[in-house]
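Take a look at the structure below.
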Amino acid sequence: MAEHLLAIDDLSDDFTDIISWAIEFKRLWKSGDEIAMNFFPLADMAVGSIYEKPSTRTRVSFEVGINRLGGYPLTLLKNDIQLGKSETVADTANVLSRFLGAITYRCYAHTDVADLASNSSVPVINALSDKHHPCQAAADLMTILEHFDNKNALKVAWVGDGNNVLHDLMLACAMLGIDCMYAVPKGYEPDKEVVKRAKNLASDNNSKIIETNDPVEAVKDANVIYTDVFISMGEEHLVDKIDSFSGFQINMELVSNAAKNWVFMHCLPAHRGDEVTDEVMDHNNSIVFDQAENRMWAQMSILAYLVDNSAWDVMGRVMGLEMK
Ligand code: CP
Ligand code: NVA
């Protein structure tokens, strides 16, 4: 099993169980089930979350989710700690491992979260780096599986930038055997090495990862239409970048090419009027807020899986899941 979560494919064969666990745990917890509501694998444990960038969903969903699992969340904002000023990532990892049961880290350079993990004796979870956003992908696939009955017949379409969210979305689709077609403007392609990993996983699971520069081709007959901001955190100086995304906005005209049962997804925050219109964001087929809520349930499953794997496994069996 995985020791840390840096990219979604770190979860390899356990990914399906992690998602099923989150779906079932959410259902039981919401029905007031005593066992689910008294599942405390993080009892008396402090879990630290370091943020170099702003966050709404990740921060709140981790803080609430850690509490619900019996733990104590400690949010460490970059300006308030020594990391990056007078202390290295490695020394920070060594110190935090003495106090905390797990660490989540939102950073700029992916190499920093990898460095934190390689120097930490407790699980490290990537809470977004410039390359990967695995917690988002776990919640996204949870939301897709909650919404659609037959995952084998699905097409997920990405229209937008070849960024961190696309990387983990395509890996996650490939891990579950779901076809993913992405449309990006020339010059904004996803990382070649990540695409290669995704294509290998897709071929193992009888699905396809297909690239195009044509948003209409990507959205054609798609069941899921997904986009993200054109300018990510850390790229604010690239003001002209947005000019390359003309024709990549998700609007009702583009959506008219999709399958009848289409849903719209976005990791949020959305820049309404840029990558998506209000009409699509607020449409009945938009599931962006279910997706945001699922950040918490998916992360609870991931935290329990990484911190106390046997308790997570027993809980899965109690919930009637066929755990590996
Ligand atoms: N989707 C996401 O990670 O949102 P935040 O930046 O608000 O955490
Ligand atoms: N691609 C975006 C995702 C925000 C959740 C960013 O990195 O800023």
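The values are calculated or read from the model by the stated rules, or taken from the named source; none is laboratory data. Note that this is a predicted model, so its numbers are computed, not measured. Methodologically, a virtual Cβ is constructed for each residue, glycine included, from the backbone with ideal geometry; neighbour enumeration extends over all protein chains shown.
Only one of the listed residues (V263, V184, V195, V224) is closer than 19 Å to A137 by Cβ, among the β-branched types (V, I, T), buried (at least 16 other Cβ atoms within 10 Å of the Cβ) and within 16 Å of ligand 2 (Cβ to nearest atom). That residue is V184. Of the helices (runs of 4 or more DSSP H) lying entirely inside segment 37-118, those containing at least 3 residues that are touching a Lys or Arg at 6+ places or on another chain (Cβ under 9 Å) and either surrounded by fewer than 19 Cβ atoms within 10 Å (Cβ to Cβ) or among the small types (G, A, S) (or both) span 57-68. Please enumerate the residues belonging to segment 22-36 that are assigned to a helix (DSSP H, G or I), over 16 Å from the mean Cα position of the chain (by Cα) and under 17 Å from M296 (Cα atoms). Scanning segment 22-36 gives E24, F25, K26, R27, L28, W29, K30, A36. Beta carbons closer than 7 Å, at least 6 apart along the sequence or on distinct chains, pair a first residue in segment 140-151 that is in contact (Cβ under 8 Å) with a residue 40 or more places away in the chain with a second that is among the basic types (K, R) for L145/K151. Within segment 61-92, the only residue that satisfies the criterion of being of a type outside the set (A, V, I, L, M), touching a strand residue (DSSP E or B) at 6+ places or on another chain (Cβ under 9 Å) and modelled with pLDDT under 95 is K78. Only one entry in H132, H167 is assigned to a helix (DSSP H, G or I), touching a helix residue (DSSP H, G or I) at 6+ places or on another chain (Cβ under 8 Å) and farther than 22 Å from S20 by Cβ, namely H167. Cβ-Cβ distances below 7 Å connect the following pairs, each with a first residue in segment 228-252 that is surrounded by 13 or more Cβ atoms within 10 Å (Cβ to Cβ), a second residue that is in a loop (DSSP other than H, G, I, E, B) and of a type in the set (A, V, I, L, M, F, W, C), and a separation of six or more residues or different chains: D228/C267; I231/L238; K241/F230; K241/I231; I242/F230; I242/I231; F245/F230. Residues of segment 266-292 that are within 16 Å of ligand 2 (Cβ to nearest atom) and over 19 Å from T143 (Cβ atoms): H271, R272, D274. Restricting attention to segment 288-301, and to residues there that are within 14 Å of ligand 1 (Cβ to nearest atom) and not polar (S, T, N, Q), which single residue is surrounded by the fewest Cβ atoms within 10 Å (Cβ to Cβ)? For segment 288-301, the residue satisfying everything is F289. Screening segment 223-270 for residues that are of a type in the set (S, T, Y) and not in a strand (DSSP E or B) and picking the one that is farthest from ligand 1 (Cβ to nearest atom) gives S256.
Within segment 130-162, track down each residue that is surrounded by fewer than 24 Cβ atoms within 10 Å (Cβ to Cβ) and either of a type in the set (S, T, Y) or under 16 Å from the mean Cα position of the chain (by Cα) (or both). Result: D130, K131, L145, E146, G162. Taking each residue of segment 301-324 that is at positive phi and modelled with pLDDT of 95 or more and looking for partners that are in a helix (DSSP H, G or I) and of a type outside the set (G, A, S) with beta-carbon atoms closer than 9 Å, six or more apart or interchain, yields G320/E24.
Among the residues here, N223 qualifies as under 20 Å from the mean Cα position of the chain (by Cα) and polar (S, T, N, Q). Among the residues here, S55 qualifies as touching a Leu at 6+ places or on another chain (Cβ under 9 Å), among the polar types (S, T, N, Q) and within 16 Å of ligand 2 (Cβ to nearest atom). Counting only residues that are out of contact with any strand residue (DSSP E or B) (no Cβ under 9 Å at 6 or more places or on another chain) and either at pLDDT below 95 or among the acidic types (D, E) (or both), segment 100-128 holds 1 of them. Please verify whether M175 is among the aliphatic types (A, V, I, L, M) and either touching a Pro at 6+ places or on another chain (Cβ under 7 Å) or more than 16 Å from ligand 1 (Cβ to nearest atom) (or both), treating the condition exactly as stated. Spelling it out, M175 is indeed among the aliphatic types (A, V, I, L, M) and either touching a Pro at 6+ places or on another chain (Cβ under 7 Å) or more than 16 Å from ligand 1 (Cβ to nearest atom) (or both).
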